Ligand code: UT7
């Protein structure tokens, strides 16, 4: 049993921020950002809450699918930058779209969130024969939690949302998700002045190797995340290929997490997958965490780069650390 992506939807905030704009608030320049990351511009929310962006993407996907929101049995919302501690963004979106018969909850797997959602959705379809449609939304307001005094990280992050409507299919599907909590220290955002569980596993209070780390914003060791990413992506892709006894040549198009063009190029080289088979949006979207893969999928479908019958691979990595991949027929 597989999953069919009935439709995609997307919400991109109107506020466009170029590299030159960032250079007016931090010591950076367009040449450095473009050559090190592949990013030329990104979008920031101009006050739109996370739930609003997710709702707009969800409404577009539902309208394109032509389904009744009452037939949605499950809403999976992926975010690390919601507007409320509780309720979940998924519940807010359920209210906004009138999906009264759906259960809704959020998934916190950072940039791997969309892949985690596909994995969960597939398992729900397998175990609940009454489930007709699942709505997967990924919405991020990373500008809420970006440290705009840290030039090595703030040039990466951006805002946006995308959604897909899923139904069961008879086509192939495979997914794999993984985590490495030992790598949490390389990318995190603290809620308050809490100690980091970094050094003494199992002891309390734990050693806090970075007691002065800023609170409420993303703290990143870019080099370590980079090293993790270029290994994690091939690992995840090979896991899902192996499950289906496929080879890399069977993939028609890959849609990776849009974090850094150099990470994508290195992972592609390691996988021996030509860049022509990889769809990227990073130049104009930046890194929108879990929204980056479905935004790119939406753009790929809209541009005709993903067509019915194609074998699509999505792959992500992110804070946690987390990683995952999925293969499906579009
Ligand atoms: O969704 C997952 C999210 N995270 C990632 O994917 C992050 C993965 N890592 C990366 O993408 C890269 O590590 C970065 C783009 C974050 C940084 O690139 P890098 O090549 O690893 O640069 P670096 O941190 O080693 O810095 C090199 C130099 C330093 O100067 P010195 O010490 O060599 O004089 C930095 O101070 O570049 C400097 N630098 C900058 N210069 C201009 C750092 N940020 C900037 C900047 N503009 N924005």
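Just so you know, all these numbers are worked out from the coordinates, no wet-lab data involved. Here the structure is a predicted model, which means the values were calculated and not measured. A quick note on method: Cβ atoms are made from the backbone with ideal geometry, for glycine too, and the neighbour counts reach across all protein chains shown.
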Practice item. Working from Cα positions, state the angle (0 to 90°, nearest 10) between the long axis of helix 50-65 and the longest principal axis of the chain. Key: 20
**Study point:** Potential extension, residue 221-residue 100 segment - 0.36 nm per residue separation minus Cα distance
**Key:** 39.3 nm
Study note, to complete from the structure: Contour minus Cα-Cα span, residue 130 to residue 40, at 0.36 nm per residue, comes to 27.8 nm
Review point. Expressed as cubic angstrom per residue, what is the convex hull volume of the alpha carbon set of the chain?
Key: 133
Review point. What shape does the range 53-93 take by its C-alpha gyration tensor, where a ≥ b ≥ c are the square roots of the eigenvalues and a/c under 1.5 counts as rounded, a/b above b/c as prolate, and the rest as oblate?
Key: prolate
**Study point:** Spin-label proximity, residue 250 to the range 297-323 - amide N less than 16 Å from point 7 Å beyond Cα toward beta carbon
**Key:** 309-314
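Rg/Rh for the range 2-171: what does it come to with C-alpha atoms and Rh from Kirkwood?
Radius of gyration over Kirkwood radius for the range 2-171 works out to 1.04.
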Exercise for review: Kindly rank 62-74, 298-310 from highest to lowest mean number of other beta carbons found within 10 Å of each residue.
Suggested key: 62-74, 298-310
Exercise for review: Could you let me know the centre-to-centre spacing of the range 152-202 and the range 238-293, using Cα atoms, in angstrom?
Suggested key: 17
Check your understanding: How would you classify the range 1-74 from its alpha-carbon gyration tensor, with a ≥ b ≥ c the square roots of the eigenvalues: rounded for a/c under 1.5, else prolate if a/b is greater than b/c, otherwise oblate?
Key -> prolate
